[in-house]
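The structure appears below as structure tokens.
No value in this document is a laboratory result; all are computed from the given coordinates. Computed from a predicted model, the values in this text were never measured in an experiment. A quick note on method: Cβ atoms are made from the backbone with ideal geometry, for glycine too, and the neighbour counts reach across all protein chains shown.
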Amino acid sequence: MNTGLMDRFIDEYRPGANLKKPDKELLDFGEKMLPGEILSLWEDYGFGEYGNGFIKVVDPRDYMHSLYTWLGKQDFSKIPLMISAFGDIFYYRKLSDKDNDISMLDIHYRKIDVCAYSYQDFFAGYILDDGVKENILRRTLFDKAVNKLGALAENECFYFVPALVTGGAEDIKYIQKGDANVHQHMLFELGDR
């Protein structure tokens, strides 16, 4: 285990004040499915907002249903780890005993991308990259949305009205906020028609 792997992530995305620690059931599950560094992030800091809500480290149980709905099946080798402020889901994929990656479900454009071909590369590079912060996580739009609508509550995300998949635009005048799970399911249903 690389004990310093999460240091830059924590420096870049300061943990919020109201983080929740995982329970024993989740830690037992995580020990079977996840690398020690991710479990340490959960145990040392917890679930909730990081970087003033720019990213949320999530209890996987809160987003498994959304993720598995989008993927088309339940698959515990794919575990939600984070959501962006705009509700996109970052998830760990255990591909084998030695291979893994971190992928992102982009709910707004209905696509999945592999972010990094290992969780180490994700936390040490991808999520820290300025281009990712601006183009994938929508940094400028996030700052404008917080200014206009206020900080996100624990279960909230920002979203676009009309939805991007129906011709909406990534512009502050189209942003609202609400329950992340509800919005993830609404966008799934919208695109499933």
At 20 °C and a viscosity of 1.002 mPa s, what translational diffusion coefficient does Stokes-Einstein give for region 112-193, taking Rh as the Kirkwood radius over Cα pairs? Give it in µm²/s as a whole number. 150 µm²/s
Using the scaling law 2.2 N^0.38 Å as the reference, what is the normalised Cα Rg of the chain? 0.98
What 222 nm value per residue comes from the helices of the chain, counting each DSSP H run with n ≥ 4 as -39,500 (n - 2.57) and dividing by all residues, nearest 500 deg cm²/dmol? -9000 deg cm²/dmol
Greater than 26 Å separation of Cα atoms is the criterion. Which listed pairs, Lys20/Lys111; Lys24/Lys94; Lys20/Lys173, meet it? Lys20/Lys111; Lys20/Lys173
Taking amide H positions as placed 1.01 Å from N in the peptide plane, with prolines and chain starts having none, which residues 5 or more places from Ser118, or on another chain, fall under 5 Å of its amide H? Ile102
How big is the equivalent ellipsoid of region 63-155 along its three axes, where each semi-axis is √(5λ) from the Cα gyration tensor, reported in whole Å from largest to smallest? 24, 17, 10
Taking the Cβ of each residue in Val182, Val57, Val114 as the centre, tally the other Cβ atoms inside 10 Å and list the residues starting with the fewest. Val114, Val182, Val57
About the Cα centre of region 7-137, what is the dipole size in debye to 20, counting +1 per Lys and Arg Cβ and -1 per Asp and Glu Cβ, all else neutral? 440 debye
Neighbour counts of other C-beta atoms within 10 Å: give me Lys21, Lys173 arranged from fewest to most. Lys173, Lys21
Just to be sure I understand: with springs between alpha-carbon atoms less than 10 Å apart, which residue in Asp97, Asp171, Asp106 has the highest mean-square fluctuation in the Gaussian network model of the chain? Asp97
If I take every Cα pair under 8 Å that is 6 or more residues apart in region 19-163, average their sequence separation and divide by the length, what percent do I get for the relative contact order? 16 percent
Have a look at Tyr117, Tyr13, Tyr45 and tell me which one the Gaussian network model of the chain (Cα, springs below 10 Å) gives the largest fluctuation. Tyr117
